[in-house]
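A short worksheet on the structure shown next.
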Amino acid sequence: MKWWQNAVIYQIYPRSFQDSNGDGIGDIQGIISRLDYLEELGVDAIWLSPVYQSPNDDNGYDISDYQAIHPEYGTMEDMDELIEEAKKRSIRIVMDLVVNHTSDEHNWFVEAKKGKENPYRDYYVWRDPVDGKEPNDLGSTFGGSAWELDEASGQYYLHLFSKKQPDLNWENEQMRSDIYEMMNYWLDKGIGGFRMDVIDLIGKKPDEEITADGPKLHDYLKELHDNTLKGRDVMTVGETWSATPETAKLYSHPDRNELSMVFQFEHMMLDEQPGKTKWDLKALDLQEWKEVLTKWQVELKDDGWNSLFLNNHDTPRAVSRFGNDTEFREKSAKCLAIVSHMMKGTPYIFQGEEIGMTNRKVKSIDEVDDIESINMYTERLEEGYPEEELLHVINVKGRDNARTPVQWSAEEQAGFTEGTPWLPVQPNYKEINIENALENAESVFYTYQRLIELRKNNPIMVWGDFELLMADHPSLFVYKRSYEGETWLVCANISEEPERLLLNELSLKSKMIISNAKRTTVTSDGLVLSPYEAFVVKL
Ligand code: NOJ
């Protein structure tokens with residue numbers, strides 16, 4: 001068994017986690033000061049969103065020096081201390097690896113811009129204009145064309161994200177080798193692995209307008225593996241918005257030596273209109289959601305590995321999106337935790353999820369920080385969308401929802417900073433905060449703590465087969481896990497109404513493993529599950 005197979009990973013978005021020096025921005029010393037808390041929660045690793053040198057056009061996902069720490073987060077000594085201190089608590093640090101693109105302020109791009117003869121020119125993707133315009137219609141995820149004209153040379157460069165994030169050219173062997181060298185620098189420090197940003201895009205063929213799943217993607221990943229990861233006890237998780245169960249097997253089949261697992265997003269895109277963007281909302285259909293999650297559970301089997309997550313720094317808060325963040329906030333947060341952690345795969349907890357932190361509401365675009373939301377707003381306003389509608393979708397889907405400071409206590413600024421936070425703390429911090437959660441044995445925190453502990457002690461959670469029951473039920477999510485003659489049944493009511501559950505499998509002999517409603521026994525002759533009630537029993 002690999003260590004990451006029964007691990008639970010905690011994602012830190014450093015800007016918003018804990019400030020230690022009063023500048024309003026979270027930092028590495030802040031993280032170190034909270035390691036005891038993470039140890040108490042029980043997590044095995046931290047996925048650390050970027051802390052590298054960056055002009056912060058996309059909050060650190062635009063890196064200008066892979067081997068330097070941004071001063072706002074601290075120094076390389078702080079980073080080494082974090083790795084060391086985390087290790088003392090059996091927590092590994094998984095670094096974010098952003099190698100589909102760099103910042104335009106990275107030295108490679110600064111050199112590349114000097115002219116066509118520069119040795120770094122080919123580290124990026126340059127094309128001549130076609131009919132005096134952009135080479136083709138490729139669009140950027142953050143709006144507008146993916147091509148930006150470099151006036152000096154008259155050529156366009158490719159940027160699938162902001163124009164300050166030029167795409168690297170993975171066809172260039174020297175560039176690849178520099179990336180591997182940089183990865184080895186970090187691996188040699190003893191980190192626990194990498195989360196690989198939009199890694200499905202590195203094999204792009206821009207002339208054919210192919211971005212994800214390019215023809216050489218898996219060759220590059222194999223080469224990357226052989227030059228960096230091979231022989232090391234580390235984990236990797238690829239961010240792959242395009243993944244299907246079939247391609248997930250290519251990335252994560254144990255014999256293929258590419259990645260440990262991928263983040264797939266199929267269950268995260270069901271509340272948008274098919275073929276449109278994340279901003280074109282559609283109500284989530286629970287049956288469809290169950291179907292997609294089941295497909296991933298069943299189809300990967302032993303030919304790949306799942307990751308389990310309901311939110312991250314790019315998506316809304318899980319409880320606000322899939323649960324109910326008012327009347328049933330705690331109950332639904334626990335319900336979602338149970339449903340997700342009981343599946344097969346490696347669970348990820350995004351900072352604040354473990355206390356049921358909620359989405360943020362803005363009333364004006366001036367309150368928004370995120371480049372993606374701002375660009376969408378500007379573009380759509382020009383196209384004639386009503387402002388109110390745009391603010392609504394930002395409140396539902398915008399990335400700032402996840403990025404407000406972690407609510408540590410009822411103290412001023414939620415104990416996040418002694419200064420002015422870079423993004424305001426949520427007004428509900430007096431009630432929803434970690435100090436309160438730790439003092440209350442019934443809090444969401446202790447559900448997560450228990451789920452992590454259960455995973456450590458019950459191989460059925462790690463290895464058990466998955467079977468969906470009651471597939472057509474519109475609000476009950478019921479599934480079985482079975483392993484070596486043992487069966488667990490997971491039952492959840494993902495709705496605001498009580499629901500009757502009639503299952504022959506249940507009996508007074510079933511042993512309660514976890515419940516978010518203080519339920520101790522179950523019977524086969526009909527139970528009424530309260531809104532967002534969830535429990536797991538051993539049959
Ligand atoms: C995915 C990251 O999670 C997101 O925050 C970022 O904007 C893009 N990749 C570009 O790096």
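The values are calculated or read from the model by the stated rules, or taken from the named source; none is laboratory data. Only a predicted model underlies this, so the values are computations on that prediction, with no experimental measurement involved. No Cβ is skipped: glycine too gets one built from the backbone with ideal geometry, and neighbour counts run over all protein chains shown. Quick note on the areas: whole protein, heavy atoms, side chains included, nothing else; ligands and nucleic acids left out. Shrake-Rupley method; radii C 1.70, N 1.55, O 1.52, S 1.80 Å.
Of N433, P405, S373, which is farthest along the charge dipole of segment 358-478 in the positive direction, counting Lys and Arg as +1 and Asp and Glu as -1 at C-beta?
Going by the charge dipole, the pick is N433.
By how many nm would the segment from K116 to M76 lengthen if fully extended, with 0.36 nm per residue of separation less the alpha-carbon distance? Present the calculation step by step, with values, prior to reporting the outcome.
Numbers: separation 40, 0.36 × 40 = 14.40 nm, distance 3.44 nm.
That works out to 11.0 nm of additional length.
How much accessible area per residue does segment 351-472 have, in Å², with a 1.4 Å probe? Mind showing how you got there, number by number?
Details: 5470 Å² over 122 residues.
Ligands and nucleic acids excluded, the figure is 45 Å² per residue.
Report, in listed order, any pair from K2/K87; K290/K397; K278/K480; K222/K276; K113/K222; K88/K511 with a Cα-Cα distance greater than 27 Å. Show your work: numbers first, answer last.
Details: K2/K87 17 Å; K290/K397 21 Å; K278/K480 32 Å; K222/K276 33 Å; K113/K222 30 Å; K88/K511 36 Å.
Exceeds cut-off: K278/K480; K222/K276; K113/K222; K88/K511.
Based on the Cβ-Cβ distance from M470 to S409, what FRET efficiency comes out when R0 is 41 Å, to the nearest 0.05?
0.45
Given axes a ≥ b ≥ c from the Cα gyration tensor, I'd like to know whether segment 345-470 is rounded (a/c under 1.5), prolate (a/b larger than b/c) or oblate.
oblate
Carbon and sulfur together cover what percent of the accessible area of the chain at a 1.4 Å probe radius?
Details: 9510 of 21070 Å².
So the carbon and sulfur contribution to the accessible surface is 45 percent.
In what sequence, highest mean first, do 181-193, 500-512, 331-343 appear when ranked by Cβ atoms within 10 angstrom?
Numbers: 181-193: 17.2, 500-512: 13.8, 331-343: 25.8.
Packing order, densest peptide first, comes out as 331-343, 181-193, 500-512.
Send over a whole-number figure in Å² for the accessible area per residue of segment 223-287, probe 1.4 Å.
Numbers: 2750 Å² over 65 residues.
About 42 Å² of surface per residue is accessible.
Please state, to two decimals, what the Cα-based radius of gyration of segment 187-256 comes to when divided by 2.2 N^0.38 Å (N = residues). Working shown, then result.
Values: Rg = 12.7 Å, N = 70, 2.2 N^0.38 = 11.1 Å.
Compactness ratio reported: 1.15.
Given the options T244, A212, I199, identify the residue whose Cα lies farthest towards the positive end of the charge dipole of segment 189-255 (+1 on Cβ of Lys, Arg; -1 on Cβ of Asp, Glu).
Among T244, A212, I199, the one farthest towards the positive end of the dipole of segment 189-255 is I199.
In debye, nearest 20: dipole of the chain around its Cα centre with unit charges on the Cβ of K, R (+) and D, E (-)?
Working: 57 positive and 98 negative charges, 439 e Å.
So the magnitude is around 2100 debye.
Cα atoms only, segment 417-528: Rg and Dmax in Å?
Cα only, segment 417-528: 18.3, 58 Å (Rg, Dmax).
Under 1.5 on a/c is rounded, so check that first for segment 285-422, then, if it is not, pick prolate when a/b is larger than b/c and oblate when it is not; a ≥ b ≥ c are the square roots of the alpha carbon gyration tensor eigenvalues.
Working: a/c = 2.10, a/b = 1.35, b/c = 1.55.
Since a/c reaches 1.5 but b/c is at least a/b, the shape of segment 285-422 is classed as oblate.
How would you rank 47-57, 524-534, highest first, on the average number of other Cβ atoms within 10 Å across their residues? Before the final figure, lay out the partial values.
Numbers: 47-57: 22.6, 524-534: 18.0.
Final packing ranking: 47-57, 524-534.
Stretch T521-D23 to full length: gain in nm at 0.36 nm per residue minus the Cα-Cα span? Display every interim value, and only then the final one.
Numbers: separation 498, 0.36 × 498 = 179.28 nm, distance 5.15 nm.
Going from the current span to full extension adds 174.1 nm.
Using alpha carbons only, how many angstrom separate the centre of segment 94-117 from the centre of segment 473-539?
Between the Cα centres of segment 94-117 and segment 473-539 lies a distance of 52 Å.
What is the chain's relative contact order, in percent, from Cα pairs under 8 angstrom and six or more apart in sequence?
On the way: 1131 pairs, mean separation 70.2, N = 539.
Reported relative contact order: 13 percent.
Loop only by DSSP, 16 or fewer other Cβ within 10 Å of the Cβ. Give me the GluC sites (Glu not before Pro) in segment 119-178 that pass, ordered by residue number.
On the way: sites: E148, E151, E171, E173; in loops: E151, E171.
In loop regions of segment 119-178 (DSSP not H, G, I, E or B), the sparsely surrounded GluC sites (Glu not before Pro) are E151, E171.
Just in segment 24-112: which trypsin sites (Lys or Arg not before Pro) are loop by DSSP and have at most 15 other Cβ atoms within 10 Å?
Numbers: sites: R34, K87, K88, R89, R92; in loops: R34, R89.
Of the trypsin sites (Lys or Arg not before Pro), the ones in loops of segment 24-112 whose Cβ has at most 15 other Cβ atoms within 10 Å are R89.
What is the extension gain from E327 to Q5, computed as 0.36 nm multiplied by their sequence separation minus the C-alpha to C-alpha distance, in nm to one decimal?
Values: separation 322, 0.36 × 322 = 115.92 nm, distance 3.53 nm.
Length difference between fully extended and current span is 112.4 nm.
Each label point is 7 Å from the Cα along the Cα-to-Cβ direction; what then is the distance between the points at A283 and K363, in nm?
For A283 paired with K363, the spin-label model returns 2.9 nm.
Note down the nm distance, to one decimal, between modelled labels 7 Å out along Cα→Cβ at E387 and at K87.
It is 5.5 nm.
If Rh is defined by the Kirkwood formula over all Cα pairs and Rg also comes from Cα, what ratio Rg/Rh do you get for the chain? Each step should come with its number before you reach the end.
Details: Rg = 23.3 Å, Rh = 24.2 Å.
With Rg and the Kirkwood Rh in hand, the quotient comes to 0.96.
Using +1 at the C-beta of Lys and Arg and -1 at the C-beta of Asp and Glu, which of I460, G132, M512 has the Cα lying farthest in the positive direction of the dipole of the chain?
Value computed over the given set: M512.
Over segment 145-203, one equal point on each Cα, no solvent: what is log10 I(q)/I(0) by the Debye formula at q = 0.15, 0.22 Å⁻¹?
-0.61, -1.01
Run the numbers on segment 243-317 and let me know its relative contact order in percent, using alpha-carbon pairs under 8 Å that are six or more apart.
Values: 83 pairs, mean separation 27.6, N = 75.
Relative contact order of segment 243-317: 37 percent.
Karplus couplings for segment 307-312 from phi (6.51 cos²θ - 1.76 cosθ + 1.60, θ = phi - 60°), rounded to Hz, Gly and Pro as x?
10, 10, 7, 10, 6, 7
Taking the simple approach of a point 7 Å from Cα along Cα-to-Cβ for both V298 and M182, what is their distance in nm?
If labels sit at V298 and M182, their model points lie 4.2 nm apart.
Are there GluC sites (Glu not before Pro) in segment 325-354 that DSSP marks as loop and that have at most 15 other Cβ atoms within 10 Å, and which are they? Intermediate results must be reported in sequence, preceding the final value.
Values: sites: E327, E330, E353, E354; in loops: E327.
When the GluC sites (Glu not before Pro) of segment 325-354 are filtered for loop state and at most 15 Cβ neighbours within 10 Å, E327 remain.
Give the cross-link partners of K114 among the lysines, using a straight C-alpha distance below 28 Å as the criterion and excluding same-chain residues fewer than 8 apart.
K133, K163, K164, K204, K205
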